[in-house]
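**Student:** After the structure tokens below, expect a handful of questions from me.
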Amino acid sequence: MLKNKFTGVKFPGTTYQFCSTCFQMKSFFDANYDHFPIFVFENLNEDDNTFQQFYHVEHYGHAKRIVRNGDSFPANIWYHNTTKALPKVKAKLSVCVYVSMLLSQEG
């Protein structure tokens, strides 16, 4: 069972399904969101839309991060983490910004 392998992760039911003793994504996100970031590397279950009024996904490198609706977007932290994870993008981005600045000065 996953509970035994992931200490600290709260599973608010016995299994992930649609039944009285089961849990859905919203209850899983609610139980864990304030304790650590939640990332998805594949798509979420299309049949489970219980979270969609309360959470959304944001692209975060090659993953998607679960974000509570209404939470502010910390652009400086996102930029730091993204450039740290993808250093080649930072170099290409700097060149693009520099070229864009040069072109805007010519006009």
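**Student:** Residue separation times 0.36 nm, minus the C-alpha to C-alpha distance between A63 and N81: what's the value?
**Tutor:** Gain in length upon complete extension: 5.2 nm.
**Student:** Please compute the net charge surrounding D30, taking Lys and Arg as +1 and Asp and Glu as -1 over other residues with Cβ under 13 Å from its Cβ.
**Tutor:** +2
**Student:** Turning to a different aspect of this structure: Please list, in chain and number order, the residues 5+ apart from F23 or on another chain whose amide H is under 5 Å from its amide H, with Hs placed from the backbone.
**Tutor:** Under 5 Å from the amide H of F23: T14, T15, Y16, Q17.
**Student:** Quick one: if you stick a label point 7 Å off each Cα along the C-beta vector at K5 and N43, how many nm between them?
**Tutor:** 2.3
**Student:** If you don't mind, there's one more thing I want to ask. Pick out, in residue order, every one of the GluC sites (Glu not before Pro) in region 16-85 that is DSSP loop and has at most 11 other C-beta atoms within 10 Å; say none if there are none.
**Tutor:** Answer in residue order: E42, E46.
**Student:** Could you go through region 27-38 in sequence order and give the Karplus-derived ³J(HN,Hα) for each residue, using 6.51 cos²θ - 1.76 cosθ + 1.60 with θ = phi - 60°, rounded to whole Hz, and x for Gly and Pro?
**Tutor:** 5, 5, 4, 4, 6, 10, 4, 7, 9, 6, x, 10
Each reported figure results from applying straightforward, stated rules to the coordinates on display, with no laboratory input. Note that this is a predicted model, so its numbers are computed, not measured. We place every Cβ from the backbone using ideal geometry, glycine too, and count neighbours over all the protein chains shown.
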